[in-house]
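The values are calculated or read from the model by the stated rules, or taken from the named source; none is laboratory data. Since the model is a prediction, treat every value here as computed from it, not as a measurement. So basically every Cβ, Gly included, is an ideal-geometry build from the backbone, and we count neighbours across all protein chains shown. Only protein heavy atoms, including side chains, enter the accessible area calculation; ligands, DNA and RNA are left aside. Shrake-Rupley method; radii C 1.70, N 1.55, O 1.52, S 1.80 Å.
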Amino acid sequence: MSRTRQTAADGLLAAVLFALQISLIHLPNIELVSVMVIVYTLVLGKRVLNILAVFTILEGMFHGFGIWWVSYLYIWPVLAGLTALLKRRGVPDWGYGILSCLFGFSFGFLCALPYIAGGWGAVFAWWISGIPFDVVHGISNLVIGLVLFKPVKKVLNLCVTNRVI
């Protein structure tokens, strides 16, 4: 695949992440981005970092570049990195549902880190106040991961095999 075509495909995949995120914005902490980042990482490897860069910029352009946005610079690459590590260890497919679940439970803590500018009390307060949302996030990520992981991975693998992306 030519570099131009790959860049366009990566931009399209970032737009898919953004559209999925926006489509469920009315449901607090129920999202499809986590499972998609996991699948993108497994199928596309390091290309996921380009996709995540574009997705993060789109998020900032849509929602504003507040302090919350800083966490998106590392949260999604952390998920991609953990996925790559698990892939090397030969984790079964259901293990990625567990990863998605644990990521959802820890999302609030990871998002709280940029608030260190206000001191550790600010980080702690931000994290603790979001725990109910993290519980919903973790459980919904588990369900979504277990239900959608295999079909999404199959479709993306077909697209790569047929040189669509």
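Quick notes on this structure:
- For the residues Ala117, Ala19, Ala80, a GNM of the chain with alpha-carbon springs under 10 Å puts the largest fluctuation on Ala117.
- Along the chain, longest interval not containing exposed trypsin sites (Lys or Arg not before Pro), exposed being DSSP loop plus at most 16 other Cβ atoms within 10 Å: 90-162
- Gain on full extension, evaluated as 0.36 nm per residue between Arg88 and Leu20 minus their Cα-Cα distance, stands at 21.7 nm.
- Identified option (computed Cα extents along the principal axes in Å; candidates [x] 47, 40, 30; [y] 60, 29, 28; [z] 51, 33, 30): [z]
- The label-point distance for Val147 and Leu49, in a model that sets each label 7 Å from Cα toward Cβ, rounds to 3.4 nm.
- Aspartates and glutamates with Cα under 19 Å of Lys150, excluding same-chain neighbours fewer than 8 positions away: Glu31, Asp93
- Apportionment of accessible area to carbon and sulfur, the chain, percent (1.4 Å): 73
- Selected from Leu110, His26, Leu42, residue furthest toward positive end of dipole (the chain; charges at beta carbon): Leu42
- Label zone of Arg3 (point 7 Å out along Cα→Cβ, amide N under 20 Å): in segment 32-48 this covers 45-48.
- When only alpha carbons are used to place a centre, segment 1-35 and segment 97-154 end up 18 Å from one another.
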